[in-house]
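Worksheet: one structure, shown below.
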Amino acid sequence: MSVETKENQELIVTIFKQDHFGQGIAKIGDMFVFVERGLPDETCKIQIVKKKKKYANAKIVDILTFSPYRVEAKCPYYDRCGGCQIMHEAYFQQLRFKEQKVQELLEKFTKLEDVSFFPILAQEPFSYRNKVTFHGDHGKLGIYQEKTNQVIEVDACAIADFKINQIYQKVRFFLQTHPKTTIHNLMIRTTSLGESMIALEGTIPGKDLLSDLGEVTTVYMNQQLVKGKKSITEVIFGMKFEIYPTSFFQVNYSMMLELYQLVIDFHKDKDIQTVLDLYCGTGTIGMLVSSYVEKVIGVEYEKASIVSANQCKQRNQVDNIEFIQGKVETVIDQFSNVDAIIVDPPRSGLDSYTINHILMLAPRMITYISCDPVTLARDLNFLKETYHIVEVHPIDMFPNTYHVECVCLLIKKD
Ligand SMILES: C[S@@+](CC[C@H](N)C(=O)[O-])C[C@H]1O[C@@H](n2cnc3c(N)ncnc32)[C@H](O)[C@@H]1O
């Protein structure tokens, strides 16, 4: 049944599901309507904001029946900021949403019904991020409004750790009291050892800001080190790692430990000779796994991460690991005799050249770590003929957002 709708029209709908971005989905006749911040079972008065041939986007004008899982967001900027998308949903329900999303996507792409989906691993939904980039514009400093480059000034970010907020507030106060200062970007990172780094882009006259930032371990201005040591130090299960401004590092410390523990457990007592750790970042996973296997080779294209990986190797005197700087797709054909492969690609997942080479290397075990279940599901579909997808572990690395991390164990079929 087709129903005529047009932009700005107001209608009453009942939401039956959330899409993968956490928006509510309702139907008007045959047409799907994606309702921003709508929750399942809510009846709402909505206004159509965009109308396409087969679907429409809408915003809520009024909620007539509330979901029992709707909560007040613990952030005064939530309605405008683009950082979080599902803070209006009770945390335990956010977790159900993510579990279902992972299972649905994997089943839809792979058509497999015998995969073991483990309960999502989760901890603290606020103050968890150890890295935040704030943006500046004409004397303002804050975060971008959703889907725009408009800066919203905030007092603090609810998902950033306390120290990040403290440093941000100091820099913001400095900006407000020094009118000749311009800040384009301000990246702040912290570690569990209490160290902190800022990397700032802009024009900051004089040295006053540096004295105001007394306790910050490392300060970069316009890519130049102006205070402290070049990197900050993080510790993972007793092993120390250096983090440079451009290094990739997991943003949620406690969930990172859960993730890494799973990967260690997959490799323990398996009599594994050689492991490839592809997209290895600062080498964290390979270093941790190296105690349980004969040899590890890490591959990563970002130079600072490789520097950090080698520093860690030397500091800990680990001699059964080597790191190669290069793109996975350009170096993968130089390997042979590999027992296990770990892949942790960016959101885009694996390219077809890399997948084909992994299949040619035919390791007996693959650990696939993913931050996007859509590309994960697509890639598992290519691997499923040769590998059993034995375990899927979702991890809530990014609470209050629709993002979810997954760790999957694949074992080669006989
Ligand atoms: C999701 S991170 C994983 C890092 C690491 N496994 C960890 O837990 O910290 C992905 C990494 O892949 C690197 N990367 C992205 N594309 C790459 C490519 N084509 N070849 C090699 N490394 C790549 C990025 O620089 C980033 O460090």
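No lab work stands behind these numbers, since they all come straight from the coordinates. Note that the coordinates shown come from a computational prediction; the quantities given were computed from them, not determined experimentally. Reconstructed Cβ throughout: ideal geometry from the backbone, glycine too, with neighbour counts over all protein chains shown.
General observations
- Stretching Asp265 away from Thr386 to a fully extended chain increases their span by 41.3 nm, per 0.36 nm per residue minus the current alpha-carbon distance.
- A protection proxy built from the mean count of other Cβ atoms within 10 Å ranks the segments 122-130, 278-286, most packed first, as 278-286, 122-130.
- As a calculated quantity, the FRET efficiency between Asn320 and Lys111 at R0 = 41 Å, using C-beta atoms, amounts to about 0.55.
- Counted charge near Val35, where neighbours are those whose Cβ lies closer than 9 Å (Asp, Glu -1; Lys, Arg +1): 0
- Taking the Cα centre of the chain as origin and assigning +1 to Lys and Arg Cβ atoms and -1 to Asp and Glu Cβ atoms, the resulting dipole is close to 1000 debye.
- Spatial extent of the chain: Rg and Dmax, with the Cα atoms as the point set, Å: 23.4, 69
- Adding -39500 (n - 2.57) for every DSSP H run of four residues or longer, then dividing by how many residues the chain holds, sets the calculated 222 nm ellipticity at -7500 deg cm²/dmol.
- 3J(HN,Hα) couplings calculated from phi for the stretch 77-90 with the Karplus curve 6.51 cos²θ - 1.76 cosθ + 1.60 (θ = phi - 60°) are, in sequence order, 9, 4, 5, 10, 6, x, x, 10, 10, 10, 5, 7, 10, 3 Hz; Gly and Pro show x.
- Amide hydrogen neighbours beyond the local backbone of Glu405, cut-off 5 Å, H modeled: Ile395, Met397, Phe398
- Taking all pairs of distinct alpha-carbon atoms in the stretch 10-65, Kirkwood radius in angstrom: 10.6 Å
- The stretch 60-78 and the stretch 210-233 have their alpha-carbon centroids 41 Å apart.
- From least to most packed, judged by other beta carbons within 10 angstrom and beginning with the fewest, Glu405, Glu201, Glu72 follow the order Glu72, Glu201, Glu405.
- Magnitude of the charge dipole for the stretch 134-175, about its Cα centre and with charges confined to Cβ atoms of Lys, Arg (+1) and Asp, Glu (-1), is about 120 debye.
- Taking 0.36 nm per residue of sequence separation and removing the Cα-Cα distance, the Lys45/Ser352 pair yields an extension gain of 106.0 nm.
- The stretch 285-343-the stretch 104-145 distance, computed between alpha-carbon centres (Å): 26 Å
- Val226 paired with Lys147, simple spin-label distance in nm, labels 7 Å along Cα-to-beta-carbon: 3.7 nm
- Taken about its Cα centre, the stretch 100-219 carries a charge dipole of roughly 300 debye when the Cβ of each Lys and Arg holds +1 and the Cβ of each Asp and Glu holds -1.
- Signed unit charges on C-beta, dipole axis of the chain, positive-most listed residue Val13, Phe248, Pro76: Pro76
- Between Asn8 and Arg364, the simple label model (points 7 Å from Cα in the Cβ direction) yields a spacing of 6.8 nm.
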